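The values are calculated or read from the model by the stated rules, or taken from the named source; none is laboratory data. Keep in mind that this is a model prediction, so the values were computed, not measured. Positions of Cβ are generated from backbone atoms using ideal geometry, with glycine treated the same way; all protein chains shown enter the neighbour counts.
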Amino acid sequence: MTLTFDLKTYLDRYRQQVEAALDAYLPLGYPPKIYEAMRYSLLAGGKRLRPILVLASCELCGGNPDWAMPTAVAVEMIHTMSLIHDDLPAMDNDDYRRGKPTNHKVFGEDIAILAGDGLLAYAFQVIADRTPLEVPRERVVRVIALVARSVSAEGLVGGQVVDLEMEGNPHATEAMLDYIHKHKTAALLEAAVVGGAIVAGANEEQIEGLRQYSQNIGLAFQIIDDILDITSTPEELGKSVGKDEKAQKLTYPKLWGIATSQQKAKALVQEAKQLLAAFGDRATPLQALADYIVERTN
Ligand code: FPP
Ligand code: MG
């Protein structure tokens, strides 16, 4: 498997399935304005890394990836809503996301807030209503609790609060930075990877290995994000760049320099890959995904 595995083909196949599911799960409805606003951001493309991690993790643990599609869609809905709210004038006040004007620029702030709220609520409805009955309901409840925790003040919301406090804060510390990234980025990646494993019926040892894997790739992902904010272009990223410097935010490249940051991200990914060794060759897709996180250019 190691020799023949092609990550691009793997990602393209799952990405197409995810795109089709996102479109099908959220058709237009009444009132049209809110459905248009939700679909505008949800169907704006993107790497779809989180839903692909859900499906890959379910497959790794011996489950049918179709069982995990509702969880995959839900995680992407939550990621999208967090970006809609993150871009609002009250937060990062950004005009571009995924190469298009941000949600509030097109639909107004009121509708953008509601589109985020609508996506957040719908995400949980999707897991509860659409997970196939082959998956025992205890697993479904456990996934709902896991995803909810990853969004809560113990997760994304807490991370974003400390992130806002860090702006222009000359007393920001490395510990605060770690907290932000563990909560704002790694928490949802963990919900994705562990959620897929729970749907598949993974044992506790497998879940723990995958949890540690996701923490490592979450941190690596964020280090690369911080580097790209310095080194990349708006065309490549589909959003504005140089924002951390402008907002006077402490970042890993600011703390350690770009080269050391890159080395640290690589070391985290190496460790993540080793954490999956017990799965043997079946771990190849998730290991390749970990490499992709540090090699990506957008
Ligand atoms: C992007 O970070 C923002 C996030 C990853 C999450 C932000 C979280 C919230 C707004 C909380 C949302 C509310 C709920 C209920 C989940 P960034 O600004 O560093 O990156 P960017 O350059 O992509 O904007
Ligand atoms: Mg932002």
Quiz item: If residue 198 passes every condition in (1) at pLDDT below 90; (2) away from ligand 2 (no atom under 16 Å from the Cβ); (3) of a type in the set (Val, Ile, Thr) but one, which one does it miss?
Solution: (1)
Quiz prompt | Criterion (free of Cβ contacts under 8 Å to residues at least 12 places away in the same chain, surrounded by fewer than 22 Cβ atoms within 10 Å (Cβ to Cβ) and not polar (S, T, N, Q)) met by exactly one of 35, 10, 40, 25 | solution = 35
Self-check item: Residue ID - farthest from the chain's Cα centre (by Cα), chosen from residues in segment 78-100 that are within 9 Å of ligand 2 (Cβ to nearest atom) and in a helix (DSSP H, G or I)
Solution: 86
Quiz item: Taking into account only those residues within segment 236-255 that are modelled with pLDDT of 85 or more and not in a loop (DSSP other than H, G, I, E, B), which is farthest from ligand 1 (Cβ to nearest atom)?
Solution: 255
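If you check 63, 46, which single one turns out to be buried (at least 22 other Cβ atoms within 10 Å of the Cβ) and within 12 Å of ligand 1 (Cβ to nearest atom)?
46
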Quiz item: Using beta carbons and a limit of 6 Å, which pairs, at least six apart or on different chains, have the first residue in segment 149-171 and hydroxyl-bearing (Ser, Thr, Tyr) and the second one surrounded by 14 or more Cβ atoms within 10 Å (Cβ to Cβ)?
Solution: 150/187; 150/188; 150/191
Quiz item: Taking helices (runs of 4 or more DSSP H) that fall entirely within segment 1-63, which contain at least 2 residues that are more than 19 Å from the chain's Cα centre (by Cα)?
Solution: 7-25, 32-42
